[in-house]
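Colleague: Quick one: the structure is below, and I'll ask about it shortly.
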Amino acid sequence: MTEMALSTARTVDFASDAAQARVRARYRAEARFKMYGLIAIGLTALFLVIVLTDIVIKGLPAFTQHSAVLDVTISDADVDPKAVRDGDYQAVVRNTLRARFPNVESRADRRALDGIISTGAADRLRERVLSDPSLIGKTVSTQLLLSDDADLYYKEGTRIDRQPAAGAATVSGVAGDVTIQSSLPDFAANLKVVKSGLFARAQTLRTEAERQRGYARTLEARKADIERTLATATPAVRQELATITADIASMSQRVEEATAKAAELQVRFDASASEETLDELVASVLVQINGGLVKVTKMTDTQATGTVILPLTSAGPAAAGSWQVVTYVVPEANRRVNDREVSWLEALRAQGAIGSNFNWAFFTSGDSREPELAGIRGALVGSALTLFVTLILCLPIGVAAAIYLEEFAPKNWLTEIIEVNINNLAAVPSIVFGLLGLAMFLNFFDLPRSAPLVGGLVLALLVLPTIIIASRAALRAVPPSIKEAALGVGASQQQAVFHHVLPPAMPGIMTGTIIGMAHALGETAPLLMIGMVAFIVEVPTGITDAATALPVQIYLWSDLPEIAFQAKTAAAIMVLLVFLFVMNGSAIYLRRQFERRW
Amino acid sequence: MNSLVQVNQSEATDATPDVGTKPKVIARDVNVYYGEKHALKAVNLDVPARAVTALIGPSGCGKSTFLRCINRMNDTIPICRVTGKIEIDERDIYDPTLDVVQLRARVGMVFQKPNPFPKSIYENVAYGPKIHGFAKSKTDLDEIVIGSLRKAGLFEEVKDRLTESGTSLSGGQQQRLCIARAIAVNPEVILMDEPCSALDPIATAKIEELMDELQENFTIIIVTHSMQQAARVSERTAFFHLGYLVEEGRTEDMFTKPKDQRTQDYITGRFG
Amino acid sequence: MVYLYLAGLFILVTVGYLFGRSRARAAARTETLHSRPPYHGAFVGLSIVAPMLLLLVIGLPIADRMIVSQALQTFDPTVMSDDLRRGVALRDITALAAGKYTGEPSLALRQAADTYTSLRTWTYNLILAAGMVFGLLGAAFGLRRLSAGFRARNSVERAVKVLLLAAASVAVLTTIGIVFSVLFETVRFFERVSPFEFLFGLQWSPQTAIRADQAGSSGAFGIVPLVTGTLLITTIAIVIAGPIGLFAAIYMAEYASPRFRAFAKPILEILAGIPTVVLGFFAALTLAPIIRATGESMGLDVASESALAAGIVMGMMIIPFVSSLSDDVINAVPQSLRDGSYAMGATRSETVKKVILPAAFSGIVSAMMLAISRAVGETMIVVMAAGLAGNLTFNPLAAVTTFTVQIKTILVGDQEFDSAKTLAAFALGFVLFFFTLTLNIIAMQIVKRYREQYD
């Protein structure tokens, strides 16, 4: 037997080239495999960093807010000293602004000018005058909150090029449509930019036309296919044929339109020195001259025609270097503020009237339809009330359940069912708890909709499994010898548990509870189900008031079209994350602090 | 079975190695630290080829630690540090240019608790040849697996169920499967770390028989806490105590006339 | 009223406790007590609490229902049958009774409000009085039982145990509550829409008309597009989270130094702790536009609410989940198997691929199942980043919708009470609940067996 076994044994020469190559290949595989693991963790870390950075970058601007500091005259015409509350503070603010820009006459322009200041500015002014009625009739320097668009304009900054002119210029008037004639080709550079923009647009149109033609060709092929077998075609296929024919027609029309437009633009581009009309798709060109501002609508190398936005002091000639060509690089169509508004905002900034402050209102006011007035106080209080209800329900119930299951439960089917239940409940989708809340608490028990009471109830059921599982682990970590010692000196089972097992398990239970609460704080879906999504301006004062919660507020804001709400959403997320980090951090601290090795 | 035992016993006495021949494994001034703990202190030991050497001593004396140095299993413990020199066939195994994967193919190991992989019996034995690329073909591999199972004395018991899980075997069979797994790569040295401590006496007897057979072709180093086992299977014995190698010599001499008082105390059961 | 009742309860209990305790102390001067005096006090307290709370919990809802139905009877008996009008009438009545009604109340409404107010005062006073009587009776009962030999502690401990059991049963009650709240509405839904159409219909458009006579009032309730949509997003998520989570777990368990683990573990924990509404925001406002722009630059037609964006972010969300579950099962593989493999001269990766992963296979499968169940039930990411229309497609660049999105869309905002549409949301919830429940039970069973194998 030994002989036979020996014959099968073979020795391998590890020094041989083949063996060495094999070992090298194995180590390469090893390195590759290890790299996969590192890549996996790296990707996860990268994703986390990207998400957090994205949110911080988006959210930080929301923590500051711009306002205009202007001298406001509170005339008794607008504010009756006998009825301070009913005064027309909007008018006060409006008049202040109009006094600054007296040449704004058309209704549309006036509305645009009023739109620079937030509607909330008047309310704040009202509060101020209410607390000090002696201000009526006086002119006081007042901080006026800007609207979201104006605020965004200052935050994002805008690319403005200023080019001092080399030639001497003459202006044909001080208001209305004017022509500026320069002695040198001061507008040549701008004209070139505009022209090359035309070329780019022509290119785009041509590409688009080509694409449409491509689609049309595929459709033609399909059409030909169908037509070949038209005799046997079903009604559905005939229907398709009709659709295709119509599509082809509309496509060829689009192709023609695009081609024609492209050709027109090309002609304009080719005539490099000809006069060019500026529209909202190219960078805006303005001329700052004689203390005023002219928006250029047509220009050649040396001459510009346009509308006065800010009135000129005189129509006389301007010396070389005393006037400049101003370019707002972003085309008007891609901006949220038009040239006129930019000019007002720039003028205000030049006058030193614009200031930026920390946005305290974000923390002290409730929700609003106006982004610059919206705050998270209502949501924070709502979350606090909801969590309060959750805590007072699930802490005692969770701990009691854990004590029962860990210390008193007999081994029977009931206990088995409870255990299986708790584990499964922990994995039930949170939205299902929302359905429970809706059907049970709202429809069956008739509890108030949108209330922290119901939100807290639902979240309590949601985090109960977490707390029970954590508490059981904490109770299990207390060595049985301690309980046995207590029992040994004649304590009852309950005395032993409540006096000797529960106290050392408390830190563990608290850790689990904090983690459960953090989970509850971030939970959104079930709250949507029970109606905590309403637009609620007032800060709730009790657990039966209609309220919303911080994550729900985030969801609501993220859905709004105003750009400024994006920053608010990100800022609210930052606040939520800070709370979560603090809670989880304190849980970890607690665990480290009280971790006991038995 | 009986005749086999007799044959083996006679072989064992015949195969008494000449102390003058070159030792297979040489340890010089080996120290092992687990973090702060100095687990093995300046151990010097020569292990003869093609014989069974037993390492004995009370728990925590460092005998397993020493065993795990010989195939560098201690490398898998991050806080473990080894100094000194261990040579196999006059080649330092702690030489940085030496490849630990190849070393372990030459130095097999059998553990205290049988640890078959949760795979079929066949796959368990084929594991080593496969990863090291020993077999050129399926028939090659079959040959190695069957040969190794034969050598481990397990083939007859499992030949009809090679595809069953290795964990379905009894404890003794599992341990012999682990031995088959170890010898499938045809190592020069086999380390056994208390291979019988989890087994019943009958299974233990089978393993001991097997060791007797295997020492014809392999150098075996066995750690055991049972002095009787050491006396039964080994040619030479080394006694470890508190990290020191106290005494080393022919097994007969060790048990009949120990030189050191501590050895005396241990084998007479004063401590352990 | 409730506060007054609870205040009365509190006073009675305190007095009862003190009285019981002092009685026991007095008795202790002459005889040996079985239980210490506080237990006697607690026993009396419990004798008071139990009947009073019982009365409140049972009596109050009954009284409320009675008051409401009486008030409505006075107002207009016909409204009882119509849920919608009933609700409106009730709101008006309570508002008027509370003095918050705006506008000029009709005579009937005023009468109803009067009935409501007077009945309410009357019944509440009755409950209050009855509660006090019950409390005093309880106190009398408790005090009569007290004696030196009375085993007050055992009685109190029995009561405490019942309380603990009740707390533990809350979990079971929750499950029962969930089952019933979705089951009832689902059954009602199936009275209108056949289960066959629901399960196998290829079209989902629950927009039923407000009035029954409007055209197209039926709506289509086939969940197949929702199933494929959910499946598509979940598949993307698992394709991302499966390998990444598993490899991360393998690295953490088999390769990472303690120092690296101290750095990597918090990353996974932080990611796990980020609320899904935050990830949804990221998916909808950052990732989706990027994917759309990238796709368009390559000439692809990408929906702004593509399944890809939602799927990727959901994948990222469940990475920590997959990796921590996998970490657990990999760590449960006994060290002896690793040692066996290393001793054969296997490298770490060979050990992982050929020994550890096969050994942990069932555990990893169950981890993936739990992750799938988590992804299927996830709401906020898809609500914010996935579409609303039920497109039957497997194109990851198209917009699809999911179960959770539809439940949320139907139930948030003004619901038409009792319409097929509202009920459909509960039917979806029913399917979702039982799907995830089945998946969880199977997965947990596998894990349990897996653990037993290596214990």
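Colleague: Under 16 Å from the Cα of residue B:24, which aspartates and glutamates turn up, not counting those fewer than eight places away in the same chain?
Modeller: Straight-line reach from residue B:24, under 16 Å: B:46, B:87, B:89, B:90, B:92, B:188, B:216, B:235, B:248.
Colleague: Show me the ranking of peptides C:329-335, A:234-240 by mean Cβ neighbours inside 10 Å, starting with the highest.
Modeller: Those peptides, ordered most packed to least, come out C:329-335, A:234-240.
Colleague: Other chains near B:124-131: what is the mean number of their Cβ atoms within 10 Å of each residue's Cβ?
Modeller: Mean number of neighbouring Cβ atoms from other chains: 4.
Colleague: For the range B:68-142 and the range C:154-204, what is the centre-to-centre distance using only Cα atoms, to the nearest Å?
Modeller: 57 Å
Colleague: Total accessible area buried between chains C and A, 1.4 Å probe, in Å² to the nearest 100?
Modeller: Buried surface at the C/A interface: approximately 6700 Å².
Colleague: Just to confirm a number: summing +1 for Lys and Arg and -1 for Asp and Glu over residues other than residue C:280 whose beta-carbon lies under 11 angstrom from that of residue C:280, what do you get?
Modeller: Net charge around residue C:280: -2.
Colleague: May I pose another question? Among the residues of the range C:246-272, which ones have their accessible area go down by 50 Å² or more when all the protein chains sit together, as opposed to their chain alone (1.4 Å probe)?
Modeller: Output list: C:247, C:251, C:255, C:267, C:270.
Colleague: Still on this structure: At q = 0.19 Å⁻¹, what log₁₀ I(q)/I(0) does the range C:1-108 have when each alpha carbon counts as one equal point scatterer in the Debye sum?
Modeller: -0.96
Colleague: Give me the accessible area of residue C:292, 1.4 Å probe, in Å² rounded to the nearest 10.
Modeller: Residue C:292 exposes around 80 Å² with every protein chain in place.
Colleague: Please state the Cα pair-distance histogram of the range C:319-385 with 10 angstrom bins from zero: what percent is in each bin?
Modeller: Histogramming the range C:319-385 at 10 Å steps yields 20, 38, 23, 12, 6, 0 percent.
Colleague: So what's the projected area for the range B:49-132, the Cα convex hull averaged over all directions, in nm²?
Modeller: Computing the convex hull of the Cα atoms and averaging its projections yields 7.5 nm².
Colleague: What nm distance separates the two modelled labels at residue A:64 and residue C:301, each placed 7 Å from Cα along Cα→Cβ?
Modeller: My value for the distance between the label points is 4.6 nm.
Colleague: In whole Å, what are the extents of the range C:353-403 along the principal axes defined by its C-alpha atoms, from largest to smallest?
Modeller: Here the spans come out as 46, 21, 14 Å, largest first.
Colleague: Next question. Counting only Cα atoms, I'd like the Rg/Rh figure for chain B, Kirkwood definition for Rh.
Modeller: Reported Rg/Rh (Cα atoms, Kirkwood Rh): 0.96.
Colleague: Keeping all protein chains in position, work out how much accessible area residue A:130 exposes to a 1.4 Å probe, and write it in Å² to the nearest 10.
Modeller: My reading of the accessible area for residue A:130 is about 60 Å².
Colleague: Mind checking B:146-156 for the average number of partner chain beta-carbons within 10 Å of each residue's beta-carbon?
Modeller: Average per residue, whole number: 3.
Colleague: Return one number: the angle in degrees, 0 to 90 and rounded to the nearest 10, between the long axis of the Cα atoms of helix A:120-131 and the longest principal axis of the Cα atoms of chain A.
Modeller: Taking the Cα atoms of chain A, the angle to A:120-131 is about 80 degrees.
Colleague: Something else now. So how far apart, in nm, are the two label points at residue C:26 and residue A:228 if each is 7 Å from Cα heading toward Cβ?
Modeller: Computed distance between label sites residue C:26 and residue A:228 equals 11.2 nm.
Colleague: Starting from one equal scatterer on each C-alpha and no solvent at all, send me the Debye-based log10 I(q)/I(0) for the range A:459-517 at q = 0.18, 0.25 Å⁻¹, two decimals.
Modeller: Taken in order of the listed q values, log10 I(q)/I(0) reads -0.62, -0.90.
Colleague: How big is the Rg/Rh ratio for the range B:99-201, C-alpha atoms only, Rh by Kirkwood, two decimals?
Modeller: Across the range B:99-201, the Cα-based Rg/Rh ratio is 0.95.
Colleague: Kindly count the pairs of lysines across chain A whose alpha carbons are less than 27 Å apart, treating pairs on different chains or eight or more residues apart as eligible.
Modeller: 14
Colleague: Express the carbon and sulfur contribution to the solvent-accessible surface of the range B:116-177 as a percent, rounded to the nearest whole number, probe 1.4 angstrom.
Modeller: Numbers: 1180 of 2330 Å².
The C+S portion of the solvent-accessible surface of the range B:116-177 is 51 percent.
Colleague: For the ranges A:446-458, A:36-48, what's the packing order if you count other beta-carbon atoms within 10 Å of each residue, average per peptide, and put the highest first? Walk me through the numbers on the way to the answer.
Modeller: Values: A:446-458: 22.8, A:36-48: 18.6.
Averaged packing, sorted descending, gives the order A:446-458, A:36-48.
Colleague: Continuing with this model, one more query. Could you give the Stokes-Einstein D for chain C in µm² per second, using the C-alpha Kirkwood radius, 20 °C, 1.002 mPa s?
Modeller: So the translational diffusion coefficient is about 76 µm²/s.
Colleague: Label-point separation (nm) for residue C:91 and residue A:477, each offset 7 Å from Cα along Cα-to-Cβ?
Modeller: Result: 5.0 nm between the two label points.
Colleague: Here is a follow-up. Leaving out same-chain residues fewer than 8 places away, which aspartates and glutamates sit with a Cα under 19 Å from that of residue B:159?
Modeller: Those aspartates and glutamates meeting the cut-off are B:123, B:140, B:142, B:143.
Colleague: What does the C-alpha gyration tensor say about the overall shape of the protein assembly as shown? Classify as rounded when a/c is under 1.5, otherwise prolate if a/b is larger than b/c, or oblate.
Modeller: Numbers: a/c = 2.20, a/b = 1.41, b/c = 1.56.
It is oblate, given that a/c is not under 1.5 and a/b is not larger than b/c.
Colleague: Volume per residue, Å³, of the convex hull around the alpha-carbon atoms of chain A?
Modeller: It is 426 Å³ per residue.
Colleague: Over the range A:46-137, consider all pairs of different Cα atoms and compute the Kirkwood hydrodynamic radius from their mean reciprocal separation; express it in Å, one decimal.
Modeller: The answer is 15.6 Å.
Colleague: Averaging sequence separations of C-alpha pairs under 8 Å and six or more residues apart, then dividing by the length of chain A, give the relative contact order as a whole percent.
Modeller: 15 percent
Colleague: Taking the Cα centre of chain A as the origin, how large is its charge dipole in debye, to the nearest 20, when only Lys and Arg (+1) and Asp and Glu (-1) carry charge on their Cβ atoms?
Modeller: Result for chain A is approximately 1580 debye, rounded to the nearest 20.
Colleague: What value does the range B:57-100 have for Rg/Rh, both radii from Cα atoms and Rh as Kirkwood defines it?
Modeller: 0.99
Colleague: Where only protein heavy atoms count, and the probe is 1.4 Å, what is the accessible area per residue for the protein assembly as shown in Å²?
Modeller: 46 Å²
Colleague: Also: Percent of Cα-Cα pairs more than 27 Å apart in the range A:461-588, please.
Modeller: Value for the range A:461-588 (Cα pairs over 27 Å): 41 percent.
Colleague: Oh, and also: Would you mind putting A:530-539, C:191-200, A:576-585 in packing order, based on average other-beta-carbon counts within 10 Å, highest first?
Modeller: Numbers: A:530-539: 19.0, C:191-200: 13.5, A:576-585: 17.1.
Top to bottom by mean Cβ count within 10 Å: A:530-539, A:576-585, C:191-200.
Colleague: Further question: How high is the relative contact order of chain B, given as a whole-number percent (alpha carbon pairs under 8 Å, six or more residues apart)?
Modeller: 27 percent
Colleague: While we're on this one: Residues of A:404-411, mean number of Cβ from any other protein chain within 10 Å of their own Cβ, rounded to a whole number?
Modeller: Counting other chains' Cβ atoms within 10 Å and averaging over A:404-411 gives 3.
Colleague: Continuing with this model, one more query. Sort all Cα-Cα distances of the range A:476-545 into consecutive 10 angstrom bins from zero, then give the percent of pairs in each bin up to the one containing the longest distance.
Modeller: Whole-percent P(r) values from 0 Å outward: 16, 27, 19, 16, 16, 6, 0.
Colleague: So what is the orientation-averaged projected area of the range C:48-168, using the convex hull of its C-alpha atoms, in nm²?
Modeller: Averaged projected hull area, Cα only: 10.5 nm².
Colleague: Would you list the P(r) distribution for the range A:316-359, with all Cα-Cα distances sorted into 5 Å bins from 0 and each bin expressed as a whole %?
Modeller: Spelled out per bin, shortest first, that is 5, 15, 18, 18, 20, 14, 6, 2, 1, 0.
Colleague: Considering the options C:172, C:103, C:135, tell which one lies farthest towards the positive end of the dipole of the range C:57-214, charges being +1 on Lys and Arg and -1 on Asp and Glu at the Cβ, about the Cα centre.
Modeller: The listed residue farthest towards the positive side: C:135.
Colleague: Under 8 Å for C-alpha pairs, at least 6 residues apart: give me the relative contact order for the range C:92-238, rounded to a whole percent.
Modeller: Reported relative contact order: 12 percent.
Colleague: In debye, nearest 20: dipole of the protein assembly as shown around its Cα centre with unit charges on the Cβ of K, R (+) and D, E (-)? Let's see the in-between values first.
Modeller: Values: 123 positive and 124 negative charges, 596 e Å.
For the protein assembly as shown, the charge dipole is close to 2860 debye.
Colleague: Jot down the per residue volume, in cubic angstrom and as a whole number, of the convex hull over the alpha-carbon atoms of the range C:131-201. Before the final figure, lay out each step's value.
Modeller: Numbers: hull volume 9.4 nm³, N = 71.
Cα convex hull per residue, to the nearest whole number: 132 Å³.
Colleague: Once a ≥ b ≥ c are taken as the square roots of the eigenvalues of the Cα gyration tensor of the range A:356-475, is the result rounded (a/c under 1.5), prolate (a/b larger than b/c) or oblate (a/b not larger than b/c)?
Modeller: In terms of gyration-tensor shape, prolate.
Colleague: Run through the DSSP bridge list for the range B:181-272 and note the antiparallel percent, rounded to the nearest 5.
Modeller: Values: 6 of 11 bridges.
That works out to approximately 55 percent antiparallel.
Colleague: If you place +1 on the Cβ of every Lys and Arg, -1 on the Cβ of every Asp and Glu, and leave all else neutral, what size is the dipole of the range B:110-203 about its Cα centre, to the nearest 20 Debye?
Modeller: Magnitude of the dipole: close to 220 debye.
Colleague: Okay, moving on. In chain C, which whole DSSP H runs stretch at least 20 Å along their own axis (Cα) and average 0.0 or higher on the Kyte-Doolittle scale? Please report the intermediate quantities before stating the final value.
Modeller: Working: long enough: C:2-28 (38 Å, 1.13); C:37-75 (57 Å, 1.25); C:83-97 (21 Å, 0.26); C:107-145 (56 Å, 0.56); C:152-192 (58 Å, 1.04); C:224-250 (37 Å, 2.13); C:258-273 (22 Å, 0.47); C:307-332 (36 Å, 1.48); C:357-377 (29 Å, 1.49); C:420-454 (51 Å, 0.85).
TM-like helix candidates: C:2-28, C:37-75, C:83-97, C:107-145, C:152-192, C:224-250, C:258-273, C:307-332, C:357-377, C:420-454.
Colleague: Here is a further query. Cut-off under 17 Å on the C-alpha distance; same-chain residues fewer than 8 positions from residue B:22 excluded. Which lysines are left, in chain and number order?
Modeller: B:85
The values are calculated or read from the model by the stated rules, or taken from the named source; none is laboratory data. Note that the coordinates shown come from a computational prediction; the quantities given were computed from them, not determined experimentally. Note: ideal-geometry Cβ built from the backbone for every residue, glycine included; neighbour counts use all protein chains shown. The area values use the complete protein model at the heavy-atom level, side chains included, leaving out ligands, DNA and RNA. Shrake-Rupley method; radii C 1.70, N 1.55, O 1.52, S 1.80 Å.
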